[in-house]
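Report on one structure; see the data block that follows.
Quick note: the coordinates plus some simple rules give every number you see, no bench work behind them. A quick note: this is a predicted structure, and the numbers were derived from the prediction, not measured.
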Amino acid sequence: MINRFLAQVNIGDIPTTNGKLSTTYGSISPLITSLLRNSLTLAGIILLGLLIFGGITFIMNAGSGDSKKAEQAKQTITSALIGFAVVFGAYLIIQLIELITGLNILHSNL
């Protein structure tokens, strides 16, 4: 009686991994690709959070006359932008390596 309510749809073969990394990823390349893509996204989210935090802190402390806290807020914004520039530079270097060597680092098929 319960079986008549279950859907009969073929969603394809679902690989079983048994918790082993070697069966999920055939080689190290897809694993590195996945980590790089997620780290670039995470860096963008962190940049946004630090810019919002630094901007709000700067606005709150700029009119209060406390120049030390306003300077810390400026430093937070500057550090966030420098950090993102470093991450973006690393992304560009990876793209350059892909172009020169012909390897598929960020665009490999999982």
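Measuring how big segment 43-88 is from its alpha-carbon positions, Rg and Dmax come out at 11.1, 36 Å.
Counting residues in segment 63-107 as N, plug N into 2.2 N^0.38 Å and put the Cα Rg over that result. Display every interim value, and only then the final one.
Numbers: Rg = 18.1 Å, N = 45, 2.2 N^0.38 = 9.3 Å.
Rg over 2.2 N^0.38 Å, computed on Cα atoms: 1.93.
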